[in-house]
Structure formats: C-alpha cells, structure tokens
Amino acid sequence: MILPADQFFSQEPVDGAPWAFIAVMGVTGSGKSSFIKLVSGNQNIEVGHDLQSCTSEIMGYTFHYNGYNINLVDTPGFNDTNKSETEVLQDIATWLKQSYEGDTRLNGVIYLHSLVNVRMEGSALRNLKMFRQLCGNEPLKNVILATTFWGEVNRDVAEKREEELRTTPDFWGSMISRGSTMKRLTERRSALDIVSTLLQKAPVTLKIQRELVEEDKSLIDTAAGQTVNEELVRLAEKHAEELSKIQQEMQEALKDHDEEMQHILDEQQRKLDKELSKVHRQQEQLRYDRRAEKRRMENDFEARIREMQLEMERQAKVRELSFDQAVALVRANEGKIRLEERELLERKIAELSQSPVLAEDGGGGGADGTGGDGSKKKSKMKGTSKYLFGALKIIFPVTTAALLGVPIPSPFGNGETITNFFSGMFGNNTDPQGDPADAGE
C-alpha cells in the first residue's frame, strides 16, 4: 500500500515525535493481535487461529505514522481461555492505574468484535458491559468500535450483524450515542484510518483510572469490578442452590440404599464444591486492595516472603523470553517512564536489533521468521531477552528498569540475611534497589 507523502510510516519510533498510546481490547478471537500486526507491520506478533487466547500478557508494539510515535497495547481477551474474567480485569486495571500514575494518558481505545460470531450474548455481552464501565461515559468519544473478519462472512449477513450492533442499545448503540465511532476493519488502509482517527483526539482518563487513583477505590468498588462481581454473586447463588438440591437427593439415595446414585451425586457434589470455591476465589481477588495489603504486609512477615517468592518466579519466567518478546514487554510499560527515557529506550532497542549477537543464523530471513537456511532468528530464541534486559539495567536507574518490567536481582542474591532485609524494608529504607512496587506510594 502506498501512503500519501504527508503520512510517513516507519516501524521504528522517530526521535522528537509526540507519542500516542492506544489500547486494543476485545474478546478472545476478535482479531486484536491480527490488527496490531497489520497496522504496525511487525511480523513477529503471534496470531492465534483458533479459540485459544494467544495474548496472555499485556504487550506494547510501537511504530511511527503520520507524525506520531504510536504505542499499540495488546491486552488479554475479556474471555481469555487461560485466565478468569477477574484476572483479566486485574491485569488491565493494574496497567491502566500504573500508566496513569506515570502521567501517561490514552489517546483512545480500540474495541474489536468479530462478525463471525452469530450473536452477542452470554459472556460477550457481559464483557461488553464491563468494558463500558471500565471506560465511563465521557471517554467513550475516544473509543473506536471496529468490526473484523469481513472476509469470513457473507456480505449481506455481515452488514445485518453490523447494523444490529449499531442500533441495539445493549450492544454498541448506547456507546455510539455518547460519541463512540464505528469502523470496519477490512485491510491495512482501514486499520491505519482507525489509528488516525484517535490521533486527532485529546488524551483522556478512563473511569477506572480515576476510581483507582484519584478516588482510591479497591477494584471491587469500581464500576467495572462491580459488574464482574454481580456475575460472580449470581454464579455463587446458582451453585449453592444446585448443591443444596444434590444434598437432598443424596439423603434420599442413602435411605433407598442406592449406591450407584450415591456415587453419581457424590461426583456432582465434588464438582459443584470446586466451582463454588473458584467463584469465591475470584471474589477475593476483586476485594484485593493493594494499598491496604501493603500496610498489612508491614506487620506480616510470611505474606512478604510469599510475595517475594512469586516475584522471583515471575522474574525467572521473564528471563526465559526471547528478545522480541522482551521488546514487546518493555514497550507495554514505556508509558510509565519519562519521554526522554522513552526515546533512549527506543534507540537502545534499535541498536540491539542490529547487533551481530542477534543477527540471523544463515542466509536471509524466511517468511516464517526463520533464517534462509531454516534456522530460527536469534531474536526469537528463548532466553535472548538477557541482551535487552542487561543493556537496560546499565543505561537506566533500577527504579526505571523495574517500571519497564526488567527483572531485578533479589536482595537475597547478595548474601543479605532475611532479618536485615526486612529490617531495612520496614524501617527507613533508602536502598534504591528496594521493592519497585512500592515506588511512588
């Protein structure tokens, strides 16, 4: 596709250009990763071809277009196959909160919906309600509602489904009436048009950002959190009713000495107990208040150790990423750092991308992301994140590197005792390598 002369495109950010941050959301299978791959030209983005979610973490992808350095942030699907709705909301809410605290505002949100889906119901409808509550009314003018997979559905059927989305208040109708824009995603030009529409918008603060930061609410007290909790309460009541019914039937089976029925009911009861426990765990996750928990941790030694163990496990997992995956990870977090640091980050990424240590093995690159001789590109190899993380720990302060998601060595790695470490942490800790999660509190 040939772009007009005034719409310069580059896969790399341009020094001095203003930045625009755009979140891409939608249910699993709506085409989020495909959209970002199409518009950014980044062929390293993994795209799923089934109902399994391929975006389990929040990742950022940058490029330059029409005078702006653009960071498209890919988020997990609201009905992610690997995470509960509560976990997905937690991930997105945490990222939005930290970005807001880092003085970064979104230029907008792109919400994608696949026309392959026959109807909007069940989890899709519930997740759309959660999305509306996450945004709030005023920011809806910075929301693009885009339909995808036009080539997969009969044209007449696709247009009928599009019109239903547009005119039904519980679908997209109410959001459109409040200023949201509806678009079709058909090819790259339409994808760039969607991005261009948001570049013209003034940055906004989403409702959940205001609730979490300015109003100091816990997640369960936000409008989006209450939407999720309503469904959890409904499920809990439903499971409790079914469990009560099974227990009554079990009593009758015992009286009749029906061992086969007892076995069946016992299996059903175990299944319902498990599902009920899962619902209760999700409700507890929603009630989790980070600041209150941090205050409790100051007097709870064991809780602090558990948190550190989880962080060490996360860092070990992050170290296993490829260079390309590490780039996506830090770009998702670059809204948390200052503009000059952001530009330094992009220069370092560009420099390392051309480094001989990450050069392809063999001849020219193949279309499948391998070298010309079939060998895999080094930037895609597991563990090559060490080159990026090592460089960032050199050029940035520890706090900045931590904000970007760079794994920071455990305080126990230098031989410091648990007692000394916690004395410093819960006393007057001025160590710059303290817990990055406590920065800014």
Worksheet item: Among the helices (runs of 4 or more DSSP H) contained in segment 69-167, which hold 1 or more residues that are in the same structural domain as Lys183 (by TED's automatic domain parsing), closer than 28 Å to Ser218 by Cα and in contact with a Leu (Cβ under 8 Å, 6 or more places away or on another chain)?
Response: 85-101, 122-135
Discussion item. If I filter segment 83-97 for residues that are crowded, with 20+ Cβ neighbours inside 10 Å, modelled with pLDDT of 95 or more and closer than 19 Å to Val24 by Cα, do I get at least one hit?
Written reply: no
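Given Glu252, Glu241, Glu267, Glu231, which one is of a type outside the set (A, V, I, L, M, F, W, C), at pLDDT below 70 and not assigned by TED's automatic domain parsing to the domain that holds Gln90? Let's see the steps before the verdict.
Numbers: Glu252 fails: at pLDDT below 70; Glu241 fails: at pLDDT below 70; Glu267 fails: at pLDDT below 70.
When all the criteria are applied, what remains is Glu231.
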Worksheet entry | Tally, over segment 184-215, of residues that are over 22 Å from Glu101 (Cβ atoms), buried (at least 18 other Cβ atoms within 10 Å of the Cβ) and without any contact (Cβ under 8 Å) to a residue 60 or more places away in the chain | 0
Discussion item. So Gly372 passes all but one of these: (1) crowded, with 17+ Cβ neighbours inside 10 Å; (2) in contact with a Gly (Cβ under 7 Å, 6 or more places away or on another chain); (3) at pLDDT below 85. Which condition number does it fail?
Written reply: (1)
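Name the one entry in Ile176, Ile194 that is under 23 Å from Val39 (Cα atoms) and either in contact with a strand residue (DSSP E or B) (Cβ under 9 Å, 6 or more places away or on another chain) or not assigned by TED's automatic domain parsing to the domain that holds Ile22 (or both).
On the way: Ile176 fails: under 23 Å from Val39 (Cα atoms).
Just a single option satisfies the conditions, and that option is Ile194.
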Response to the item:
Only one of Gly173, Gly151, Gly136, Gly77 is modelled with pLDDT of 90 or more and surrounded by 19 or more Cβ atoms within 10 Å (Cβ to Cβ), namely Gly136
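The values are calculated or read from the model by the stated rules, or taken from the named source; none is laboratory data. Source: prediction; values computed, not measured. Please note: Cβ atoms are built from the backbone with ideal geometry, for glycine as well, and neighbour counts cover all protein chains shown.
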